[in-house]
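First the structure, in the form of structure tokens, and then the observations on it.
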Amino acid sequence: MELNQIRHFIAVAETGSFTKGAQRAAVSQPAISASIAKLEAELDVKLLDRRRSSVVATAAGARLLEAGKELLQNCNAVKAEIKTIATPKLLRIGVLQSFSSRQVSKLFSSFQRTNSHAAIEVCDGSSEQLVELLANRQLDAVLTILDESASKFPTRVLFKEPYVLAVPEAHRFAQRESVTLADLEGEPFIVRPGRDRFQDASHALVTRGLKIRVVYNTAQIDRTLALVAAGVGLSFIPARLVTPAVKQVHVADMDFSRTYGLLCSRKRENDLKEFIEFAESHCWTV
């Protein structure tokens with residue numbers, strides 16, 4: 001029993017005519033008649049009642065019609081799945097350049113292990129660069145810090161985290177559970193510009209008449225943590241960035257946090273579904 005025989009039988013049974021069935025199956029009438037006759041001979045059962053004005057399925061034919069339609073649907077589904085695996089749609093993901101390298105590598109390595117059929121290209125950039133690429137359809141999704149630009153695209157919130165003070169293990173603040181902004185006056189600081197919340201904290205210090213010493217300016221969170229660990233200065237960092245030799249201290253009168261999420265292309269939301277669901281369920285601790 002061949003799939004083409006099943007297709008031919010279904011075409012005749014549903015149209016009630018060998019002529020119309022042949023037209024639907026895009027074969028000649030003699031060819032479709034021979035195909036069904038061969039199928040009946042193989043099964044040793046009559047599938048169609050040809051004595052009526054309209055060809056109708058026998059009891060056995062009705063059962064084959066039901067099973068045959070389900071069989072063809074399953075075959076088509078398997079073919080589509082195999083085609084997707086063999087030639088997956090490329091997903092182009094942009095990542096905010098200040099995002100933790102460990103978090104990024106953990107996300108994509110975990111996704112590739114569980115979705116080996118997926119094809120992904122990843123690039124780094126500033127928020128402005130990534131949003132522009134997304135708007136121009138050069139990226140399908142962007143992993144970034146969410147702000148007012150998020151309203152332009154379909155958005156998925158992944159996680160939120162508060163800001164804390166990062167200090168070297170040997171610093172006097174390392175033994176304290178919390179400090180206040182006033183305690184930070186005159187301290188050396190590593191500044192993280194751009195979309196970080198350091199500006200908010202700086203503004204809070206300025207409004208209180210407090211001053212700090214800026215000793216290093218970098219947009220790289222990994223470098224910030226390395227500099228803190230080396231004792232170069234202090235910095236405000238997201239609480240999830242746990243690093244050896246760096247102690248996190250709560251700032252009692254500072255309540256800043258940031259929200260991470262995905263900005264998605266409206267035209268690729270369906271293709272991104274698998275990646276979005278994985279990112280939403282991913283463990284983001286470092």
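The rule of thumb for compact globular proteins, 2.2 N^0.38 Å, goes into the C-alpha radius of gyration of region 3-86 1.15 times. Over region 160-257, with a single point scatterer placed on each C-alpha, what log10 of the ratio I(q)/I(0) does the Debye formula yield at q = 0.25 1/Å? These q points yield log10 I(q)/I(0) values of -1.66. Listed by chain and number, the aspartates and glutamates placed with their C-alpha closer than 12 angstrom to that of residue 267 are 140; residues fewer than eight positions away on the same chain are left out.
For residue 273, the lysines whose Cα comes closer than 24 Å to its Cα, not counting residues fewer than 8 places off in the same chain, are 79, 83, 89, 106, 152, 160.
Starting from a Cα-only point model with no solvent, please compute log10 I(q)/I(0) by Debye for region 38-106 at q = 0.19, 0.20, 0.28 1/Å. Summing over Cα pairs of region 38-106 leads to -0.88, -0.91, -1.17.
The listed peptides 93-99, 32-38, 200-206, 68-74, ordered by packing as a protection proxy, come out as 93-99, 32-38, 200-206, 68-74 (highest mean of other Cβ atoms within 10 Å first).
Over the chain, the hull volume per residue, using the convex hull of the C-alpha atoms, is 179 Å³.
Between the Cα long axis of helix 3-15 and the first principal axis of the chain there is an angle of about 70°, rounded to the nearest 10.
According to the Cα-based calculation, Rg over Rh for region 245-286 is 1.19, with Rh computed by the Kirkwood formula. Across region 68-134, Cα-Cα pairs farther apart than 13 Å form 72% of the total. The packing ranking of peptides 13-19, 214-220, 231-237, highest mean first, is 231-237, 13-19, 214-220, where packing means the average number of other beta carbon atoms within 10 angstrom of each residue.
Just so you know, all these numbers are worked out from the coordinates, no wet-lab data involved. Bear in mind that the values here come from a model prediction, so they are computed numbers and not experimental data. Every residue, glycine among them, receives a Cβ derived from its backbone with ideal geometry; neighbour counts consider all protein chains shown.
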